[in-house]
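Readers should treat all values here as calculations from the given coordinates under stated rules, not as data from a laboratory. Not measured: the values here are computed from a predicted model. As a convention, Cβ positions derive from the backbone with ideal geometry for all residues, glycine included, and neighbour counts pool all protein chains shown.
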Amino acid sequence: MQQPNSATAQPEPEAANGGGPGGTTDQPEGGKPRSTPVHAAVRGTGADDAAAGPVKVEVRDLNLWYGETQALHGINLDVREREVTALIGPSGCGKSTFLRCINRMNDLIPSVQVDGGIYLDSRDIYDPSVDVVQLRSRVGMVFQKPNPFPKSIYENIAYAPRIHGIAKKGAEMDDLVETSLRKAGLWKEVADRLDQPGTSLSGGQQQRLCIARAIAVSPEVILMDEPASALDPVATATIEELIDELRQNYTILIVTHNMQQAARVARYTAFFHMGELIEYDDTETMFTNPRERKTEDYITGRFG
Ligand SMILES: Nc1ncnc2c1ncn2[C@@H]1O[C@H](COP(=O)(O)OP(=O)(O)OP(=O)(O)O)[C@@H](O)[C@H]1O
C-alpha cells in the first residue's frame, strides 16, 4: 500500500494524543490482515516465544521513504500486548521514524511514503477508512522533551477527553483527571495546585503530566520516544518505575539510547541499524547472547 500524506503542519501534541486536527471522520472498519506469512526478515520476531502474550501490533514488510531516501527497510515485528518493547540502535538508524509509523505521526511530514502493513489488533492502521484521530487516541505518544500545553495542570488532562466526548465537565471530568494523574504517579504532588500552569512543574513532573495526558484518553498502546533523556537520574528512575507499573495495562514501545534503561524496563528489545531491524528478542537474551554480530558490536560499545 502506498500512503499518501496530508501536507499539514508539524506534529502537534494534540495530534499525538488524539485531540488534534488532521484526521478524517470516517469510522474504522474491521478487516483481517493480509495473509502475509510471518516471514521475519530477522531471526526472532518474538513470535517463537511460547511464554509471550498475544500480539498487539504486527508490523509486516514495512518500508518508509523521506522523499528519495529510504529510512526503513522491510521491517517485520510482533509487538506483544501489555509488555514493554525497547527500540535501540545508533543515532539515525530509524528508531523514531519507526515509532512514529505506529500512530501515523509520519503522515504529518509531506515527503513521507510508507508501504507494507501495520496491524493493530489485526486491523490495518493504514487502511484509508481508518480515522487517524481515533487511532492516535488508541496509540498515545510521549516525546523526548516534556511538552505540556500552556494551560493549567487540570486542563492538560481534561482537554483531549473533552474533545473526544470521553467525560463531561464537573465530577466526571474531575474523576478522570484524578485517576489519570494517579496512574502517572503525580496526583500527590499536584492535587492542591491543579489550577497552576503545567509548565510550572519540574521537568520530571512535566513528563509524568504528559504521560497522564496520554493515559486520559484510555490508549491501548503508548509510544515513548526517549522519555527520560532530558531528565536527571532521580526523575529518570521515577519514570522507569512508572513504566514498569504502566505495562500491566498498556502495550509500551520505548526508544532509548540507554541500554541499561532498556535492560531495566523492557521485556523485549529490537535492535535497528541503518533502517533495518537486525534482531528482536527478549531483552535478556539480546544483551547476554545476541544472535547477530552487529548487535553484539553495538551492545558491547564497538560502535554507536
Ligand atoms: N523529517 C525528516 N525528513 C527527512 N529525513 C528524516 C526526517 N526525520 C528523520 N530523517 C532521517 O531518517 C533517518 C532515521 O532518523 P530517525 O530520527 O528515525 O533515527 P533515530 O534512530 O531515531 O535517531 P536518533 O537516535 O538520533 O534520534 C535519518 O537518516 C534521518 O536523517
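Some observations on this one:
- In plain terms, the bigger the Kirkwood radius, the slower the diffusion; for segment 58-123, with that radius from Cα pairs, at 20 °C and 1.002 mPa s, Stokes-Einstein puts D at 172 µm²/s.
- Counting only DSSP beta bridges with both residues in segment 55-300, the antiparallel share comes to about 60 percent.
- Projected label points at N63 and S111, each 7 Å from Cα along the beta carbon direction, are separated by 1.8 nanometres.
- Cα-based reach from K294 at 25 Å (exclusive), listing lysines while leaving out same-chain residues under 8 positions away: K95
- For segment 98-158, the Cα-based Rg and Dmax, in that order, read 13.9, 41 Å.
- Taking label positions 7 Å along the Cα-Cβ direction at both D127 and T285, the computed distance is 3.2 nm, reported to one decimal.
- The magnitude of the dipole of segment 55-300, with charges of +1 and -1 set on the Cβ of Lys/Arg and Asp/Glu and taken from the Cα centre, is near 560 debye.
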